[in-house]
Amino acid sequence: MKLQNKVVLVTGAARGQGAAEARRFVAEGAKVVLADVLDEEGQRLAAQLEDQAIYQHLDVTSDPSWVAAIERTERVFGRCDVLVNNAGIYWPAAIAGTTVELAEAMFRVNQLGTLLGMKHAAASMKKTGGGAIVNISSTAGLRGFANAIAYSGTKWAVRGMTKVAAAELAPHGIRVNSVHPGCIAADMLKQNNEEVHRMGAERAPLERHGTPDEVATLVAFLASDESAFITGAEVAIDGGWAV
Ligand SMILES: NC(=O)c1ccc[n+]([C@@H]2O[C@H](COP(=O)([O-])OP(=O)(O)OC[C@H]3O[C@@H](n4cnc5c(N)ncnc54)[C@H](O)[C@@H]3O)[C@@H](O)[C@H]2O)c1
């Protein structure tokens, strides 16, 4: 098992890709902290994963919430080896229709949340000699899509912050990589309009949506020691949509 005895914190783990990642980490032998604001769903999943997982309420936009989540991770499992910054929000909006409220909401969850996660998890990892951080960006962080200016801005920022963190944290034994999913059949996609849904399958050279399990396979690899020489990388998992 490639993640035996690793302690992993996954944000946005109550459903969608985060839940698939948490299940995969447990299957690979890890102890997992499921962090989300959807307490009921998160607690239900943690109960299914029995003693290998706990649920922690974490609003990624809040500094004190991060302090509490890392403290509990260390208290229950003794350390934090891996952080997956997966929590994210997305609403399509044209440039003309992008309000301050919409842009700030996406900035706070997608960009600030990822930054705060790296800050607090890295402080914990430094105490134990290293770790791995996987930041979930998007195809929208690799190329331009109409009607996604605020979301894309945050996902390009996640890609850029990943490279800064990879350079800065390498001396502490911490690797940082970004993952760029295309259209993945999870709740976020279902919430969006028919056109985004259709385009994701029709315009990707592989002509289908991806699955949360396929993303989980990639994230588990980047979290594991099998990727020990990979840091600062951006890996697309999008059926070729960004080519
Ligand atoms: N589904 C796709 O097609 C797709 C494509 C590219 C990138 N992504 C990215 O993948 C990641 C996972 O998305 P998903 O498809 O599983 O969507 P999802 O909506 O199913 O899951 C997102 C999770 O993040 C949580 N979350 C939202 N705000 C939070 C906050 N403030 N604090 C903590 N948790 C919070 C939600 O409660 C939810 O559980 C996101 O970062 C998203 O931007 C998704």
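The values are calculated or read from the model by the stated rules, or taken from the named source; none is laboratory data. Keep in mind that what you see is a predicted model, and the values were worked out from it rather than measured. Using ideal geometry, Cβ is built from the backbone for each residue, glycine included, and neighbour counts are taken over all protein chains shown. Areas reflect the complete protein model, heavy atoms only, side chains present, ligands, DNA and RNA absent. Shrake-Rupley method; radii C 1.70, N 1.55, O 1.52, S 1.80 Å.
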Revision key, fill the gap. With Cα springs under 10 Å, the Gaussian network model of the chain assigns the largest mean-square fluctuation among T11, T99, T61 to T99
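Rounded to the nearest angstrom and ordered from largest down, what semi-axes does the equivalent ellipsoid of the chain get from its C-alpha gyration tensor (root of 5λ)?
Semi-axes from the Cα gyration tensor: 27, 18, 18 Å.
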**Study point:** Among P92, G153, F221 - extreme Cα towards positive end, dipole of the chain, charges at beta-carbon
**Key:** F221
**Study point:** Given charges at beta-carbon only (K, R positive; D, E negative), |dipole| of the chain in Debye
**Key:** 540
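When the chain is fully extended, how far beyond the present Cα-Cα distance does F145 get from A27, taking 0.36 nm per residue of separation?
Length difference between fully extended and current span is 38.9 nm.
What part of the accessible area of the stretch 14-144, given as a whole %, is carbon or sulfur when the probe is 1.4 angstrom? Write down the numbers at each step before the final one.
On the way: 2870 of 5470 Å².
Solvent-exposed carbon and sulfur of the stretch 14-144 make up 52 percent of the total.
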Practice item. Take every DSSP beta bridge with both residues inside the chain and express the antiparallel ones as a percent of the total, to the nearest 5. Key: 0
Revision key, fill the gap. Farthest towards the positive end of the dipole of the chain, among I184, L142, V164 and with Cβ unit charges of +1 on Lys and Arg and -1 on Asp and Glu, lies the Cα of V164
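Can you give me the accessible area per residue for the stretch 7-237, using a 1.4 Å probe, in Å²?
Working: 10070 Å² over 231 residues.
With the other protein chains kept in place, the stretch 7-237 gives 44 Å² per residue.
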Practice item. Excluding residues on the same chain fewer than 8 positions from K6, give the lysines whose Cα lies under 28 Å from its Cα. Key: K31, K119, K126, K127, K155, K163
Revision key, fill the gap. Candidates I136, I54, I89; GNM for the chain (alpha-carbon contacts under 10 Å) flags as most fluctuating I89
Revision key, fill the gap. For the stretch 38-101, the Kirkwood Rh over every pair of distinct alpha carbons, in Å, works out to 14.3
Review point. Taking springs between alpha-carbon atoms closer than 10 angstrom, which of T231, T114, T162 fluctuates most in the Gaussian network model of the chain?
Key: T231
